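S.K.: Can you keep this structure in mind? I'll have questions shortly.
Computed from the coordinates by the stated procedures, all read-outs in this text should not be read as laboratory data. Since this is a predicted model, take the numbers as computed values, not measurements. A quick note on method: Cβ atoms are made from the backbone with ideal geometry, for glycine too, and the neighbour counts reach across all protein chains shown.
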Amino acid sequence: MHLIMKSQFDDLRLNDDHEYSADDKGGKKVVKIFKDGQLIAKKIIVKRSVQYFGVTGIEEFLTH
């Protein structure tokens, strides 16, 4: 996985073809996005730090 932009993550999250789940464990929040059961992106929030990650080739999952 590599860093992606927030707009790319939001595009994936709002796509009806994708499912997502959210976990909150002791100050660390993780939102994961799945396509056909495979993890394609995740957002990690720790305190005030937010990072977005996507799999290699994420561009094929984006809607333009």
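S.K.: Select from the stretch 22-37 the residues that are among the acidic types (Asp, Glu) and outside any loop (DSSP other than H, G, I, E, B) and list them in ascending order.
M.R.: Hits for the stretch 22-37 are Asp23, Asp24.
S.K.: Consider Ile44 carefully, then state whether it is part of a strand (DSSP E or B) and touching a Gly at 6+ places or on another chain (Cβ under 9 Å).
M.R.: The answer is no for Ile44.
S.K.: Follow-up. Restricting to the stretch 6-34, give me the number of residues that are surrounded by fewer than 16 Cβ atoms within 10 Å (Cβ to Cβ) and either of a type in the set (Val, Ile, Thr) or under 12 Å from Leu62 (Cα atoms) (or both).
M.R.: 8
S.K.: Do you know which of the residues in the stretch 40-61 that are hydrophobic (A, V, I, L, M, F, W, C) and exposed (fewer than 14 other Cβ atoms within 10 Å of the Cβ) is farthest from His2 (Cα to Cα)?
M.R.: Val46
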